[in-house]
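First the structure, in the form of structure tokens, and then the observations on it.
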Amino acid sequence: MTYSLYIGNKRYSSWSMRPWVLLKALDVPFEEKLNLFKPGIRQPEFLSFSPSGKVPCLHDNTTSVVVWDSLAICEYIAESHPGAWPTDTRARAFARSAAAEMHSGFSSIRNECGMNVGMRITLASPSEGLKDDLRRLNELFNEGLEKFGGPWIAGKEFTIADAMFAPISSRCKTNGFGLVSGRPLGSQFTKRNAEQELEAMLRLQNKIEVKVEVEQQAWRERHHLIVWENLAF
């Protein structure tokens, strides 16, 4: 295959999930190279395939190009697969901005709402920072859907922007809240269009989650579970 995508366990690695979801959505063939995390922050063995020592990392086996970092990988894929970004100039500009904002922002969601596909918890005391992130997420989804008609963030087609936000659906599902009315934190952030985007993400996530549960059930990493067990919810 042209591409080899080196990733971590999709159950825990939101950054790994993003380019993986994009390649799947675009129906681009690739070889998945799974590398399980070990306890500790650094994974020195990852340096054998990734200049940063982190995942994800894409190897283009035709050109011998190596690309690391989720957004950089997605941009590289877009060079050969135009459907990765919207064709409309305005929609493309919005999608790029949204993807970049996800890449650099939403720190409270990342820090307070851990990534663990399949786990269900209740977050008892969300911080003001988390509430602000959810408000911004709601605003962003509504702006895109109202401007470009949906069902995705920037129009009719799934793009890099949607891939960058795909793990958000898992975090919302895991932590028992979202933009949907009736769920914890829901009513104060709810707008119909934002619900539409999140539900579309959740439908996609359901497909991903089945794959994760079936293929990776034996790969649950104890050091990740210990962290969750020690949290006070």
Considering only region 9-101, give the strands (runs of 3 or more DSSP E) lying wholly within it that have at least 2 residues that are farther than 17 Å from Trp152 by Cα and either free of Cβ contacts under 8 Å to residues at least 40 places away in the same chain or within 13 Å of the chain's Cα centre (by Cα) (or both). 30-34, 65-68
Condition first: acidic (Asp, Glu) and either buried (at least 17 other Cβ atoms within 10 Å of the Cβ) or closer than 19 Å to Met17 by Cβ (or both). Now tell me which residues in region 124-142 satisfy that. Asp133
Can you tell me which residues in region 118-133 are in a helix (DSSP H, G or I) and of a type in the set (Lys, Arg)? Lys131
Looking only at region 152-165, which residues are within 29 Å of Gly8 (Cα to Cα) and in a loop (DSSP other than H, G, I, E, B)? Ile153, Ala154, Glu157, Phe158, Thr159
Quick one: is Arg136 assigned to a helix (DSSP H, G or I) and either hydrophobic (A, V, I, L, M, F, W, C) or touching a residue at least 60 places away in the same chain (Cβ under 8 Å) (or both)? no
Yes or no: Arg110 within 18 Å of the chain's Cα centre (by Cα) and outside any loop (DSSP other than H, G, I, E, B)? yes
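Per-residue answers, yes or no, for (1) modelled with pLDDT of 90 or more; (2) within 26 Å of Asp27 (Cβ to Cβ); (3) in the same structural domain as Pro29 (by TED's automatic domain parsing):
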{"position": "Cys74", "(1), (2), (3)": "yes, yes, yes"}
{"position": "Ala95", "(1), (2), (3)": "yes, yes, no"}
{"position": "Phe106", "(1), (2), (3)": "yes, no, no"}
{"position": "Gly114", "(1), (2), (3)": "no, no, no"}
{"position": "Gly176", "(1), (2), (3)": "no, no, no"}
{"position": "Val180", "(1), (2), (3)": "no, no, no"}
From the list Met119, Met115, Met102, which residue is hydrophobic (A, V, I, L, M, F, W, C) and closer than 20 Å to Ile73 by Cα? Met102
For region 84-94, indicate whether the set of residues that are among the basic types (Lys, Arg) and out of contact with any helix residue (DSSP H, G or I) (no Cβ under 8 Å at 6 or more places or on another chain) is non-empty. yes
Out of all the residues in region 104-120, is one or more acidic (Asp, Glu), out of contact with any Asp or Glu (no Cβ under 8 Å at 6 or more places or on another chain) and more than 17 Å from Tyr12 (Cα to Cα)? no
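The values are calculated or read from the model by the stated rules, or taken from the named source; none is laboratory data. None of the values given here were measured: they were computed from a predicted structure. Backbone-built Cβ (ideal geometry, glycine too); neighbour counts: all protein chains shown.
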